[in-house]
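Here's the structure, in structure tokens; my notes come after.
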Amino acid sequence: MARLKTHDEALRQRLINRAAATVFDRGTSALSLRQLAADAKTSTTAVYSLFGNKAGLLASLYQEAARLFVARLAAVPTTGDPANDVICLGLAYREYALANPHLYAVLFLESPAQFGDPAEGSSEVMEMYQPLVDAVRRGQRAGQFTTELDAEVVALSCWATAHGLVSLELSGNEPPGLSIGASYERTLHALVTGWRVG
């Protein structure tokens, strides 16, 4: 009797990684399950077995990218210096992007609505955003950051700065003669200093 072929986690990860590369290069509309299966040297049956359909694959792709991003931020220690924790979260943001440019693009350079239920995407965005909000809030309680604005507003400015710099770096759109890699940490320090009390 022929043995049933198993569709294991290794194959699932390979398909997700290849799908992320396609989305990064050409967008979600270019993602074909048949071509994905051929690229991964497997069958379309395997793709359907693992993900159900293209929508299921895209949802899994977004969820995996978010899971890894949240795990990277969660690995940043919480210390008695919340302002420095904000800087460390910003550094972790860039490290994730450079190590996983295709997954970063799925999370932050595409619309979450392309990857499934917008409500679910919103909850995942908040899960990614929360560690930074928590660090800012701790900084406010410790008297490090201004309390004239909500923690969410301060955190958003930090997030937007990191996002803008990292996106420019990944796209190769850095201004001539300037290196984001060389100035990224100093920029985070300057940003955090701007939000300090006094």
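Every read-out reported here was derived from the displayed coordinates using simple, explicitly stated rules and does not represent laboratory data. The structure displayed is predicted, hence computed values, not measured ones. Cβ: placed from backbone, ideal geometry, glycine included. Neighbour counts: every protein chain shown.
At-a-glance table
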| read-out | value |
| --- | --- |
| The chain, helix-only ellipticity at 222 nm - DSSP H runs n ≥ 4, -39,500 (n - 2.57), divided by all residues, nearest 500 | -23500 deg cm²/dmol |
| 0 to 90° range, to nearest 10: angle between helix 118-141 axis and the chain longest Cα axis | 20 degrees |
| Farthest positive-ward along region 1-130 dipole, Cα basis, beta-carbon charges - from V125, L58, T45 | T45 |
| Y129, Y184 arranged by Cβ crowding within 10 Å, fewest neighbours leading | Y129, Y184 |
| Peptides 173-183, 63-73 ordered by average Cβ neighbours within 10 Å, highest first | 63-73, 173-183 |
| Cα convex hull volume per residue for region 110-198 (Å³) | 110 Å³ |
| Point-charge dipole on Cβ atoms (K/R +1, D/E -1) for the chain, about Cα centre, debye to 20 | 720 debye |
| Sorted by Cβ density within 10 Å, fewest first, the residues C158, C88 | C88, C158 |
| Distant-in-sequence amide H partners of F145 (H built 1.01 Å from N, under 5 Å) | Q140, V197 |
| Check: region 104-198 dipole with +1 on Lys, Arg Cβ and -1 on Asp, Glu Cβ, in debye | 540 debye |
| Residue-by-residue Karplus 3J(HN,Hα) for region 98-103, coefficients 6.51, -1.76, 1.60, Hz, glycine and proline x | 5, 7, 9, x, 5, 6 |
| Cα-based Rg of the chain normalised by 2.2 N^0.38 Å, two decimals | 1.19 |
| Dimensions (Å) - region 9-117, Cα atoms, principal axes, largest first | 52, 25, 25 |
| Residue-by-residue Karplus 3J(HN,Hα) for region 162-179, coefficients 6.51, -1.76, 1.60, Hz, glycine and proline x | 4, 4, x, 5, 5, 5, 5, 5, 5, 7, x, 9, 5, x, x, x, 10, 10 |
| ³J(HN,Hα), Karplus 6.51/-1.76/1.60, whole Hz, each residue of region 143-153, x for Gly, Pro | x, 8, 10, 4, 10, 5, 10, 4, 4, 4, 6 |
